[in-house]
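Colleague: My questions will all concern the structure given below.
The values are calculated or read from the model by the stated rules, or taken from the named source; none is laboratory data. Since this is a predicted model, take the numbers as computed values, not measurements. FYI the Cβ positions are ideal-geometry reconstructions off the backbone, even for glycines, and counts take in every protein chain you see. SASA here: full protein model, heavy atoms, side chains in, ligands and nucleic acids out. Shrake-Rupley method; radii C 1.70, N 1.55, O 1.52, S 1.80 Å.
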Amino acid sequence: MIPGPDVVIGCPRCGALHRRWSLASGNTFGAVLWSDGWFEAPMRPLPPLVARCMGCHAFFWVARAVELGHVDRVTSQCGETLTTLTLESTGARRIEVMQRLRSDLGMGLQEVKHFVAQLPARLGEYDHLGTARHIADRFEELGARVSSTRIVTQPDVPKPPREWTEAPQVQDLSHPLI
């Protein structure tokens, strides 16, 4: 069971904001399907069907509430780290470095000649530091000088309005009204 984004809904009567949780994925192991169509799955629970508004205290069907948007806590907090490798110089073993460029990066002979003539040049971007370190080590063992730069990127996810993130969660009717 993986939680999904919170769905921001408005009370059908007064428009007060509430958040309803959702699932990104779940499974049906141990599920029971009843003859009246009701479905129960321990690893795929259902959000409340009926809720009580925190604003006007009226009961409402959650499915009939107006959906205003989503608040995704997971995506907005995830960043990606990229390591950029740059070949600064080939060193004394220039021919061997050029052969390594051909074999490791799949470049043709003319591409390698042009690449080496334009030093410093970018070898590539890698999302795993271990992979970047391995490639840099392979060139450095030949006497080449390789520099690396790590960049942390944040996804371009617009921030939801503060009212959405502060809206109360829809509670099952078994919870007392606060």
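Colleague: Per residue, how big is the convex hull around the C-alpha atoms of the chain? Give it to me in cubic angstrom, could you?
Modeller: Convex hull of Cα atoms, per residue: 200 Å³.
Colleague: Using a 1.4 Å probe on the protein chains only, how many percent of the accessible area of the chain belongs to carbon and sulfur?
Modeller: Solvent-exposed carbon and sulfur of the chain make up 55 percent of the total.
Colleague: Using the heavy atoms of the protein chains alone and a 1.4 angstrom probe, what is the accessible area of the chain per residue in square angstrom?
Modeller: Dividing the accessible area of the chain by its residue count gives 66 Å².
Colleague: From the helices alone, meaning DSSP H stretches of at least four residues, give me the mean residue ellipticity at 222 nm for the chain, per-run term -39500 (n - 2.57), in deg cm²/dmol to the nearest 500.
Modeller: It comes out at -6500 deg cm²/dmol, rounded to the nearest 500.
Colleague: Further question: For Leu173, what charge total do you get from the other residues with a beta carbon under 15 Å from its beta carbon, if Lys and Arg give +1 and Asp and Glu give -1?
Modeller: +1
Colleague: At what distance in nm do the modelled label points of Leu105 and Arg93 sit from each other, each positioned 7 Å from its Cα along Cα→Cβ?
Modeller: Calculated label separation equals 1.8 nm.
Colleague: Could you grab the relative contact order for the chain? Cα pairs under 8 Å, six or more apart, rounded to a whole percent.
Modeller: It rounds to 28 percent for the chain.
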